[in-house]
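So the structure is just underneath, and the comments pick up after that.
The values are calculated or read from the model by the stated rules, or taken from the named source; none is laboratory data. Keep in mind it's a predicted model, so treat the numbers as computed, not measured. Here the Cβ positions follow ideal geometry from the backbone for every residue, glycine too, while neighbour counts run over all protein chains shown. Heavy atoms of the whole protein, side chains included, go into the accessibility calculation; ligands, DNA and RNA do not. Shrake-Rupley method; radii C 1.70, N 1.55, O 1.52, S 1.80 Å.
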Amino acid sequence: MKTEIDWQQLLDQVLSGALTLGKSILIALVIYFVGRYLIKVVNKFIQKAMEKRKVDGAVRSFVGSLVNILLLILLFLSIVGALGIEMTSFAALLASAGVAVGMALSGNLQNFAGGLVLLVLRPYKVGDFIEIAGVSGVVKSVEIFNTVLTTGDNKVIFIPNNAIATGTLVNYSHQETRRVDFKFGVDYGTDYKKVKDVIERLIAEDSRILKDPAHFIGLGELADSSVNITVRVWVKSADYWDVFFNFTEKVYATFPKEGIEFPFPQMTIHQVK
């Protein structure tokens, strides 16, 4: 027994389904674009509110990153709902994949927890120069999973927060002052008092070198080919590298004018007859 196909009814159903699907897609697109715009507005509002309250830069970047991710998740769920996907089925799918997702995200969860620890302990802030995990740079931002550093040659490095929270961290900007150490070598036979007087004069001429704590000059080492003078001065942390390079340049230019010679490696050979 043959059944006749009602082509008109089938066409109506296809058109109705396509119209419903197209409507759902259109609504989902509207939700996406409007949601992205609202997320941008909310992020700017939160950042301005925290800046107005003078919240630390590390806290601002962490909270901003967290809020942005939460809003994106909310937007994603809204789009899923607009497409007609039942949330109960979607939740069941996520629950069934929960173990695999949890294992995949275990490292990120540790980094998130590490970020919270860093916000509580606050071992550094945005703008500090730090050294961690074998790299050093200026803290650009603290995100929910990573801390972003900018190196001296303008590389951007992402370090997992958990590695920072559980590792050894050196913060060069935490203290207001730092000590600059120098070692200058002079020839054997050079008048040590004269060398010391010249260095004292150069220190007095540099206004960036602090009076307190007092500087130190001492005969540090009788090396193979040189007498090494140890010099230690205190400066503001921001002036560290300027003083380090500039003072070394001054010593290099001044010593020869004062008749103080820089040594070079020498070897005495005795010929056995």
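Take LYS125 and tell me if it is of a type outside the set (Val, Ile, Thr), modelled with pLDDT of 85 or more, open to solvent by 50 Å² or more (accessible area, probe 1.4 Å) and in contact with a helix residue (DSSP H, G or I) (Cβ under 9 Å, 6 or more places away or on another chain).
yes
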> Among the residues of segment 175-204, which ones are among the charged types (D, E, K, R), touching a Phe, Trp or Tyr at 6+ places or on another chain (Cβ under 6 Å) and over 16 Å from GLY218 (Cβ atoms)?
Replying inline: ARG178
>> Of the conditions (1) more than 30 Å from GLY114 (Cα to Cα); (2) acidic (Asp, Glu); (3) out of contact with any Pro (no Cβ under 9 Å at 6 or more places or on another chain); (4) modelled with pLDDT under 95, ASP153 satisfies every one except a single condition; which number is it?
In response: (1)
>> Condition first: over 30 Å from the mean Cα position of the chain (by Cα) and of a type in the set (A, V, I, L, M). Now tell me which residues in segment 173-213 satisfy that.
In response: VAL186, VAL195, VAL198, ILE199, LEU202, ILE203, ALA204
> Name the residues in segment 199-227 that are open to solvent by 20 Å² or more (accessible area, probe 1.4 Å), closer than 12 Å to PHE182 by Cβ and without any contact (Cβ under 8 Å) to a residue 24 or more places away in the chain, would you?
Replying inline: HIS215, PHE216
> For segment 228-262, which residues satisfy the criterion of being over 41 Å from the mean Cα position of the chain (by Cα) and open to solvent by less than 40 Å² (accessible area, probe 1.4 Å)?
Replying inline: ILE260
>> Going residue by residue through segment 162-176, is there one that turns out to be surrounded by 15 or more Cβ atoms within 10 Å (Cβ to Cβ) and modelled with pLDDT of 95 or more?
In response: no
>> I'm trying to understand the selection: among the residues of segment 16-67, which are within 21 Å of VAL117 (Cα to Cα) and open to solvent by less than 50 Å² (accessible area, probe 1.4 Å)?
In response: MET50, VAL55, ASP56, GLY57, ALA58, VAL59, SER61, PHE62, VAL63, GLY64, SER65, VAL67
> Given the conditions (1) crowded, with 17+ Cβ neighbours inside 10 Å; (2) farther than 30 Å from GLU258 by Cβ; (3) not basic (Lys, Arg), which single one is not true for PHE158?
Replying inline: (1)
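Name the one entry in ILE39, ILE31 that is modelled with pLDDT of 80 or more, of a type outside the set (Lys, Arg) and farther than 23 Å from SER141 by Cβ.
Just one listed residue meets the conditions, ILE31.
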